[in-house]
Structures are given as structure tokens and as C-alpha cells.
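A quick write-up on the structure given underneath.
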Amino acid sequence: MQQIEFQHLMNRAGFGATPGELTAFAGKSRTEVVNSIFSKSADNTDLIAVKRSEVDDILAELKEKDPDTKKMYRKMLEEKKVDLNVTWLRKIINSPAQLNEKMTFFWHCHFACRDDNPVLIQMLNNDMRDNALGNFRNLLMAVAQSPAMLKFLNNQQNKKDAPNENFAREVMELFTLGRGNYTEQDIKEAARAFTGWSFDNETLNFHFRERQHDFEEKQFFGKTANFDGKDIIDMILYKEECARFIVGKIYQFFINDVRDEKVIEDLAHKFYMSDYDIGGLMKEIFLADWFYDKKNIAVRIKSPVELIVNTSRWLGAEYGGDEALLFIQRILGQVLFLPPNVAGWPNGKKWIDSSSLIFRMEFGKKLIEVSDFTQRLKADDDTDPNMARVKEKMAAKKGKLYELDAKINWDLVCAHFNFSSDEKLYNQVSSALLSANNVSYANENYGFNEADNSAKLKGLLIHLMSKPEFQLC
């Protein structure tokens, strides 16, 4: 397997190849590498960042105390949300199960959800991780019956005497079929079928409330029966349009923003006939010759999370405090567990704007130099509860500087490269760092001014990470 193909695979099946991985997998066949990636993802662990007992105590205090005390407990709750955010980001950076974390990240974007209780969000995240490469029906059912999603889409208020259509609408429009593959009447009837879907406040397990369920006949997709929520999900999955919709989303996330309808149609049919086997679909993609076509390499703009994780993994960066990791996400415009709406985050060129472009280009430099951030908070930061820590620290520094606490083992990074000549070093590092293969010493006017190897590598990485090509994967 050629290096550029391996990098492309790791960019899509994970968050980019590290120098060590480039060395370890050199000379391996495509099948060997793909099988290794899947094997590592089988050894996966849950995200455990917050304890329910601690969050329950905080929520209980919030109901009873005076305003000043409430403010203190509200701050404690925000701290738990920060813990959840940063713990997952660290897990993504450090986990050997890169494919499973990448798939969890994809489903996190697909099944966008937010809630004030970090325990519920943590549960949903683990449901996605447990089913990330499994069967889509099991994943969809786990998400649809999760307390976080039932709350977020208002199904707690969906009762037989007053149906709430929000849950049913988003399940079809955003999660399974897409617009044009159902009618407004289908939404109304599906909402009736989902009445009574709730969860137990004590156990946090899914709970079907019979007294709130509409047991009358419903007409859905042209069929009439006493359908319940599970029947609706099964009938949705029976439509091949569902497989086409999911594969289309996967294609644009893992392959190319520009759709190839012929490839999507072929993959969707296989996905449908496999009874929605996600792992089988992804392996089919990663083993296909067309996946490694030039038109699919280095054409996607890294999302903020992809940029942070890719840069951190490549450098082996270890972060000290939580605030920096949260602050970086906020500046770049993507904070884990805080999607802008139920449709999730945008993709492609929408990640690049005047407020984030300079920081994106300088992020590698800041991390390498472990410098202070000089960016100011955006005007809408007060609406972001996860910014409590950041705002407090910024206020303490009077808004001037924000310290980045990170450590990089430069001896370890340097060990992967050949310093026998400037040209060899440049070409080796640029080919290892950039997926685009048009950057080389021969066509660059770059001069090494540093004497020792570590300083040489730092200067070169700052130069290469500031290139537009580093924004692509």
C-alpha cells in the first residue's frame, strides 16, 4: 500500500496517521491495513467522564436553593459538561480504536442532540459508540429510545390526546429518509405511534407509558394497522430510500463532498441487502479501488475537531488544563456535545470564515511554540454554557491572553525522520504530514536556519502546518 493511500485511509477511517503509524504500516497490503484498523476498533471502551450520583446531587440542589447558591451549583454543572467534552476529545486523540471513535463522531454529527444533563448525553454517546460499526437498526433504536434524544425532540410531551410531531418528523427527515420520502400525513401518524415513548427518571431506562399511547389504528406509508414506534422504525428501514440516505451522508463525510450517485446507489443497495451492516459497508468502502482515486484524496476540509485531533496526534501533544481544549473548539466553531441545532454542524467550505481562518492556519504554530492565544471571545459566547471556565479565566487576564498548556516529546517525534540532508528531511516530513503530494523541497523556496534537529523539525512543521494543504484531508 502506497504511503499516500495509507494517509488517505487514516484520514477517513480515523483522524490522520501519526509518524509512528506511517513507519509501522510501511509495506503492508491494503487488506492487512484495513483488517488491522477494524481489529483495533473492536477493543473499545465506554466514555466515562461524569458520575450520575454527583450530577443528581447538583440537579437536586438547583431545585431548592436561593439564587446565589443556585448560581454556584449551576457553575458546578457546567464544570461537569466541560469534563465530558474534554474527556471525549482526549479519548479521540489517544484511543487506538480510531475507526470506532471516527464513526462515533460521525453519528454524533448525524444524530445531533444536546441536553443540560451531561449524564444523559454521555449515555447517548456510549450508545453510539457501542453500535457505531454494528447494525443500523440497533443503533437507530438505541438512539431513538435514549433519554437524551427523547427529551431533545420533545417526545416526553407526545401523548395520545395531544400528539407532538417533533420526534417523528426529525427521525424521518434527518435520521433516516430525508425530505421527499414521506408525507405530512405520515408524520402525523408516526407521531401517534410514538406516543408513550419515554424513560424512567430513576433508572434512566426506556419506558413505555401505556396510558399515554394511542392504541387506535394508524395509516402509515399506505398501510393501516395498530402500529407502535418499533413498527414505524421497521417500516422506515424497509424502504431502500433509508439505506440510500444513510449511505449518501456517509459518502459525503468519509469520501467526498461531491456525490457520485452511481457509487452511492451501488453501496446503498449492498447496505440494504446486508440488513444495514455498518461495519460491512465501511470495509467495502475502504477496500474499494475508487476510494483511493485522486479525486477523493485531500479534497475535504477538516472539521475543527478533525483539525485539533489530527494536529495533536501527529505531534503527540499532551494537554494540561481543560480550558485550552475547550477554547480551541470554540474559536474554530465546533464544540463537542453542542451542535448548533438538530441538523448538526455544516461541512465543507462552511468551516472556513474570517473569524476562524487565521487561527486554523496558526494552530499548529501555537501548539508547537506552546504560545498564548490572543483571540477574543466571539460575540455570542455568552449563549454557550460550556464557556464558563474560559470566560472566568479570560476575565482574570482582562481578556488579553489565554495560555495553552501542552507538552510535546520532540525526541520521539524526531526519531521518525532522516536528518542526513535538508532535502530528505523536507520531503519526508511534507509527505508524512500533507495528503496532497504537490509539496516538495524542489518546488519550495524554504531555507533551514536552525542548527539542531529538534529546532529544524519545529521550524519545518510550523511552515508546513500553515499551508492551505494542511487544512485538507
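The values are calculated or read from the model by the stated rules, or taken from the named source; none is laboratory data. Bear in mind the structure is a predicted one, so any value in this text is a computation, not a measurement. Cβ sites come from the backbone with ideal geometry, for glycine too, and all protein chains shown count toward neighbours. These accessible areas exclude ligands, DNA and RNA; they are computed on the full protein's heavy atoms, side chains included. Shrake-Rupley method; radii C 1.70, N 1.55, O 1.52, S 1.80 Å.
List of remarks:
- The residue that is farthest from residue 141 (Cα to Cα), among those in the stretch 169-213 that are touching a Pro at 6+ places or on another chain (Cβ under 9 Å) and part of a helix (DSSP H, G or I), is 188.
- The helices (runs of 4 or more DSSP H) falling completely within the stretch 53-139 that include 3 or more residues that are among the hydroxyl-bearing types (Ser, Thr, Tyr) and either modelled with pLDDT under 95 or open to solvent by 40 Å² or more (accessible area, probe 1.4 Å) (or both) map to 67-94.
- Residues of the stretch 37-52 satisfying the condition of being basic (Lys, Arg) and either touching a Gly at 6+ places or on another chain (Cβ under 8 Å) or assigned to a helix (DSSP H, G or I) (or both): 40, 52
- Selected residue [open to solvent by less than 20 Å² (accessible area, probe 1.4 Å) and among the acidic types (Asp, Glu)] from 228, 186, 260, 234: 186
- Any chance residue 16 is open to solvent by less than 10 Å² (accessible area, probe 1.4 Å), outside any helix (DSSP H, G or I) and among the small types (Gly, Ala, Ser): yes
- For residue 211, the conditions (1) touching a Leu at 6+ places or on another chain (Cβ under 8 Å); (2) without any contact (Cβ under 8 Å) to a residue 24 or more places away in the chain all hold with the exception of (1).
- Filtering the stretch 455-473 to residues that are among the aliphatic types (A, V, I, L, M) and either under 28 Å from residue 293 (Cα atoms) or surrounded by fewer than 20 Cβ atoms within 10 Å (Cβ to Cβ) (or both) leaves 455, 461, 462, 464, 465, 472.
- Considering residues of the stretch 315-334 that are open to solvent by 10 Å² or more (accessible area, probe 1.4 Å) and touching a helix residue (DSSP H, G or I) at 6+ places or on another chain (Cβ under 8 Å) only, the residue modelled with the highest pLDDT: 316
- Subset of the stretch 147-179 (residues that are out of contact with any Phe, Trp or Tyr (no Cβ under 6 Å at 6 or more places or on another chain) and either of a type in the set (Val, Ile, Thr) or in contact (Cβ under 8 Å) with a residue 60 or more places away in the chain (or both)): 152, 170, 171, 174, 175, 176
- Qualifying residue in the stretch 344-359 (condition: open to solvent by less than 20 Å² (accessible area, probe 1.4 Å), among the small types (Gly, Ala, Ser) and either in contact with a strand residue (DSSP E or B) (Cβ under 9 Å, 6 or more places away or on another chain) or assigned to a helix (DSSP H, G or I) (or both)): yes
- Answer from 29, 41 - the residue that is buried (at least 21 other Cβ atoms within 10 Å of the Cβ) and of a type in the set (Ser, Thr, Tyr): 41
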